[in-house]
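Derivation of every value follows stated rules applied to the coordinates shown; laboratory data play no part. In this text, all values refer to a predicted model and were calculated from it rather than measured experimentally. Glycine also receives a Cβ, built like all others from the backbone with ideal geometry; neighbour counts cover every protein chain displayed.
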Amino acid sequence: MISASERGGQEVVGAARIEGPIVVVEGVTGIGYDEMAEVVDRQGRIRRGRVLEVGERFAVVEVFAGTTGLTIADTSVRFVGEPMRIPVSSEMLGRIVDGLGEPIDGGPAPLAEHWADVNGQPINPTARVYPRDTIQTGISALDGMNTLVLGQKLPIFSGSGLPHDRLAAQIVRQATLTHTGDASYAKRFAIVFAAMGIKHDVAAFFRESFTAGGAISRVAMFLNLADDPPIERLVTPHTALTLAEFLAFERDMHVLVILTDMTNYCEALRQLSNIRGEVPSRKGYPGYLYSNLAMVYERTGRVKGSRGSITQIPILTMPNDDITHPVPDLTGYITEGQIVLSREMFQRGIYPPIAVLPSLSRLMKDSIGPEHTRADHASLAAQLYAAYAHVQDVRSLASVIGEEELATADQAYLRFGRAFEQEFVGQGPEESRTIEQTLDIGWRALSILPRDELTRVSEAEINEHYGEH
Amino acid sequence: MSVLIGHVVWVNGPVVRARGSEHVGLLEVVEVGDEHLVAEVIGLEGDVITLQVYEETSGLRPGAPVFGTGLPLSVELGPGLVQSIFDGIQRPLPVLEMRSGTFLAKGIEATALYRKSKWSFTPQIESGTDVRPGQLLGAVPETPAIDHRVLVPPGIVGRLTWVAPAGEYTIEEPIAHVENGSGTTVLTMLQRWPVRRPRPYHHRLPPTEMLVTGQRVLDTFFPLAKGGAAAIPGGFGAGKTVTQHQIAKWSDADVIVYVGCGERGNEMTDVLREFPHLTDPHTNRPLMERTILIANTSNMPVAAREASIYTGITLAEYYRDMGYDVALMADSTSRWAEALREISGRLEEMPAEEGYPAYLAARLAEFYERAGRVVTLNQETTGSVTIIGAVSPQGADFSEPVTQHTTRFIRCFWALDKALASARHFPAINWLDSYSEYVDEVVPWWQDRGHGEWHRLRAHALEILQRESRLQQVVKLVGPDALPDDQRLVLETARLLREGFLQQNALDEIDSFTTIEKQIRMLSIILRFHDRAAAIVAKGCPVVIVRRLPVVNTLLRMKTSVPNSQVDLIGEIERSLDEEMDELESDYS
């Protein structure tokens, strides 16, 4: 790293106030908002920080590593004179770095091809290319009902104890482009993994999974673990996405970004907001949580003039499995759909326990059909949704009057529901299905229902596929 | 033009304080720092000027200069607006892309309207005429769908001493001279208007014309009038954006202003990709030829998001003044309210509910009141601005402040329902929670089109749907088989209404848009089915038999099988309905 003084910044000795992760220094002038700072403690150790507010004679600095051990008299703060930048390069693939992008795998610092501002800049909507290339994940509940598209941001809404990590790892392992896609996809594929406040075991699980899949040399891991400083988490997704943008838009790579766990990120933001005495909105989260999350999630997509792409799969655990909690709620308003995991299905032993009804992929409509997957895909998915939604009504009725009392058609719905959950949604953690297989399994489940119940598929489609499989 | 008025003393995100001149006006536009970031004055106290900055303030430092412009935040008005895409403060995004590439850089200056384009102006007034505001000077074919009418701007009265002959002019070249006691005013096609001030009109008209959207649940059940205001509240995934897009595509407004306010980047890209290829069913021209897009996505600067709504409504009023029916879609007003909240929070104002400032309701009222059907300043032309605002309540909880305050200022409420969306019933507009106060006002409109029965059919259908909802509560406990047959018929007809009428597939070529004619025919045949079946069931025929009639399936599929241009096919369906019913009736009499 180039130190602040070499780059000609200002330095001030002594802090006016230290509170939580914040250091306030006085007697400085002309410090820039959002500028990077280096806070040096009594032993000369450097912690990095960022300016949150500036006045004529003061600056408020958040210290990523926390302020433990800092003293009023002996702390000095050097201001770098510019917003936070990190070195990015293709060499970062295969490496493990901390939340600020510093290597923690014992290897040398990667040679910087470029120094990039971690905040990034918004993509001009006219410069975007609308994502349409379907990614085949091999998972029926996704490919059949909630297709993932290259350049999409599709989060997994989970709960503690649910197998979201395993699902994410399976997606990473099995993802390929369908036939319309780019043949060189596999060669230009990279993973950027950003961990925010997750447990060591979880990080180790992902690492092993990447190694076992032979992909580890294509993965850059940004790790901020549960016992790492919380404030560092606020930078981690931004540093990771800065690298992703470089790889995608400067090096034409297809980058899959896994961000886990966004709930920890939001909690760090709440903590900081709280210490600064800001007016809270819901559940103590700051009013700008939506804009702040958008700065993370919108760094996704495809742009004109580049063959690369960024696809984001953020993972978040819903506190108390509550989808209306501000973190999943605001996320859902920004991302292009959501994959919701169900504790109830998990407890019934169904893997992956994807709750199909509340899940959604907004980009699916334009990336399925004859040119992308199969002609009957859209109507089949609509029919499966409608039928499975009816299953929920029939089940609640059956719990009152008993299965035997149900009308014949409704009994068929119960059988359909079981087949759908166990054979269509349920599959092995190592099982990868083609889109064709997925759609055929869907038809097989639908064929349990009487033909005249199928109103979302056309007569021609019924004739072609009903009862065939 | 800009003069140094002070220096920055404090920076906190988009909110900046400067110290300097006491001659700066509230809501004046200023430029901050060496990069000339665009900002607006939002507070004055002694020599301290509080600003909201429309661009990212990263790197801005105390001591940086602040320049005044002497002007309030304004938009440029003139030919070239239609087919454009702007950011929240009317900078053309394609120009920004040319200047700074894929990513939006800071401090790029770009005029909203391209100065060098020549427009073909044809005068429609003689020199020597006494003119007043709103009077037509001449016309410019802006797009094949829109004739741009150049009007005498508000505030200009006098004698027209010269008008340019027909020919090609840039928007900055003079096209008319108006003389009055205080001298000669040179008029160009380029005009400016401050966004926070509503454009004046002569008087308001009652909203009696329907805005036809081609969406059955809206037009037939919860109609919106031209000049009215509607809100679409709904949680994520309930279909706000699709509904807004559908109205933007198919409604019979002349001009569409679509404001993407704090929403997804790809959604705007989708509109840009799709609209040039879609055809307006009313004019047969590409939809883009009547559309203005304003995109301030969620990760673009938050203060510009606050401004984007005003930019949009001002452009809408400008076309209203030309005599057009304009529809403005704001997706989403909640993001705009959050921008207010964020700025208010940084100003450390005392919050009211959920951190929102106490003036939230007042701001919402000001915005929605800019909708209206009016007679313009020339006292002859009528035009309208219709507002359709999406609301994104946190946790889909309609009791939150933005939804609650919005309902006070709109008259049409299209409640999106997550349960319907989960069952893929789209548009997921709940027929029990939604309402329209325009129903009675548009009855004459339907009568004029030969559909005097609309009001009755609508009431009948809603009554069936309401009865169904009560019966469903019983069904949940005992199952449908336990109901008597007349009640089971209500369930059956309600199913036809839900699946065959209310559900509408935006992606289906035929179903995406339904003419008024077809809507009435569809509704009327479903209700005819109900009446005839009721008579037969009363004679002892079980509902299961009625349900198995082949015509039931035909009714469910007529939305996609009968094209708008061949509505008479429904007459054939009606004949087979009658035949099948006659046959059944004879079995039970």
task: Taking every pair of Cα atoms in region A:88-127, average 1/r, invert it to obtain the Kirkwood radius, and report Rg/Rh to two decimals.
output: 1.10
query: Under the Kirkwood approximation for Rh and a Cα-based Rg, what ratio Rg/Rh is obtained for region B:119-189?
result: 0.96
- line: For region B:488-589, listing GluC sites (Glu not before Pro) in a DSSP loop whose Cβ sees at most 10 other Cβ atoms within 10 Å gives B:Glu509
- prompt: What helices does chain B hold that run 18 Å or longer along their axis, going by alpha-carbon atoms, with a Kyte-Doolittle average of -1.0 or more, using DSSP H for the helix calls?
  reply: B:302-321, B:333-346, B:454-478, B:516-538, B:569-588
- prompt: So how compact is the protein assembly as shown: Cα radius of gyration and Dmax in angstrom?
  reply: 30.7, 102
message: On a straight-distance basis, which lysines could pair with B:Lys249 in a cross-link, Cα separation under 30 angstrom, same-chain partners fewer than 8 positions away excluded?
response: A:Lys153, A:Lys304, A:Lys365, B:Lys118, B:Lys226, B:Lys240, B:Lys418, B:Lys518, B:Lys559
query: Any idea what diffusion coefficient region A:261-340 gets from Stokes-Einstein, in µm²/s, Kirkwood Rh on alpha carbon pairs, 37 °C, 0.692 mPa s?
result: 239
- request: Starting from the alpha-carbon convex hull of region A:377-465, give the projected area averaged over all orientations, in nm².
  value: 6.0
Debye intensity ratio in log₁₀ form over the Cα atoms of region B:241-376, taken at each q of 0.09, 0.10, 0.13, 0.19 Å⁻¹: -0.29, -0.36, -0.59, -1.09
field: If the convex hull is drawn through the Cα atoms of region A:181-331, its volume per residue in Å³
entry: 126
task: Provide the net charge surrounding A:Ile22, with neighbours chosen by a C-beta distance below 13 Å and charges set as Lys +1, Arg +1, Asp -1, Glu -1.
output: 0
field: Tail weight of P(r) past 24 Å, computed on alpha-carbon pairs of region B:109-245, percent
entry: 52
task: Would you please classify the overall shape of region A:255-400 from the alpha carbon gyration tensor, given that a ≥ b ≥ c denote the square roots of the eigenvalues, rounded means a/c under 1.5, and beyond that prolate means a/b larger than b/c while oblate covers the rest?
output: oblate
task: Taking only the C-alpha atoms, wrap a convex hull around region B:196-288 and report its volume per residue in Å³ as a whole number.
output: 141
statement: Residue ranges of DSSP H helices in chain A that stretch 24 Å or more (Cα, own long axis) and have mean Kyte-Doolittle hydropathy of at least -1.0 are A:377-401
- prompt: Looking at the protein assembly as shown, what % of its DSSP beta bridges pair antiparallel, to the nearest 5?
  reply: 65
message: Averaging the inverse of every distinct alpha carbon separation and then flipping it gives the Kirkwood radius. What is it for region B:1-126, in angstrom units?
response: 15.9
statement: For region B:454-587, the Cα-Cα pair-distance distribution in 5 Å bins from 0, as whole percents, is 2, 10, 21, 21, 20, 14, 8, 3, 0
task: For region B:1-66 and region B:476-491, write down the distance between their C-alpha centroids in whole Å.
output: 68
- line: The equivalent-ellipsoid semi-axes of region A:65-211, taken as the square roots of five times the Cα gyration tensor eigenvalues and listed largest first in whole Å, are 34, 21, 17
field: Where only C-alpha atoms are counted, convex hull volume of region B:481-521 per residue in Å³
entry: 75
- line: Per 10 angstrom bin, beginning at 0 and ending with the bin that holds the maximum distance, the Cα pairs of region A:4-82 fall in percents of 22, 62, 16
field: GluC sites (Glu not before Pro) restricted to DSSP loop in region B:297-359 with at most 13 other C-beta within 10 Å
entry: B:Glu348
Counting all C-alpha pairs of region B:441-499, share separated by more than 16 Å (%): 51
- request: May I ask you to list the aspartates and glutamates whose Cα is less than 17 Å away from that of A:Lys199, ignoring any residue fewer than eight positions away on the same chain?
  value: A:Asp98, A:Asp165, A:Glu208, A:Asp227, A:Asp228, A:Glu232, A:Asp261, A:Glu267
- prompt: Hey, what did chain B get for relative contact order, percent, Cα under 8 Å, at least 6 apart?
  reply: 13
Extension gain (nm, one decimal) between A:Lys304 and A:Gln347, 0.36 nm per residue minus Cα-Cα: 11.0 nm
- prompt: Once all Cα-Cα distances of chain B are split into 10 Å bins that start at 0, what whole-number percent is in each one?
  reply: 3, 16, 24, 23, 17, 9, 5, 3, 1, 0
Whole-Å semi-axes of region B:3-72's equivalent ellipsoid (Cα gyration tensor): 16, 12, 11
query: Where does chain B land at 222 nm, in deg cm²/dmol rounded to the nearest 500, when only DSSP H runs of n ≥ 4 count, each adding -39500 (n - 2.57), divided by all residues?
result: -10000 deg cm²/dmol
statement: In region B:270-350, the trypsin sites (Lys or Arg not before Pro) that sit in a DSSP loop and have at most 11 other Cβ atoms within 10 Å of their own Cβ are none
field: Share, in percent, of DSSP beta bridges within chain B that are antiparallel, nearest 5
entry: 70
statement: The equivalent-ellipsoid semi-axes of chain A, taken as the square roots of five times the Cα gyration tensor eigenvalues and listed largest first in whole Å, are 47, 24, 18
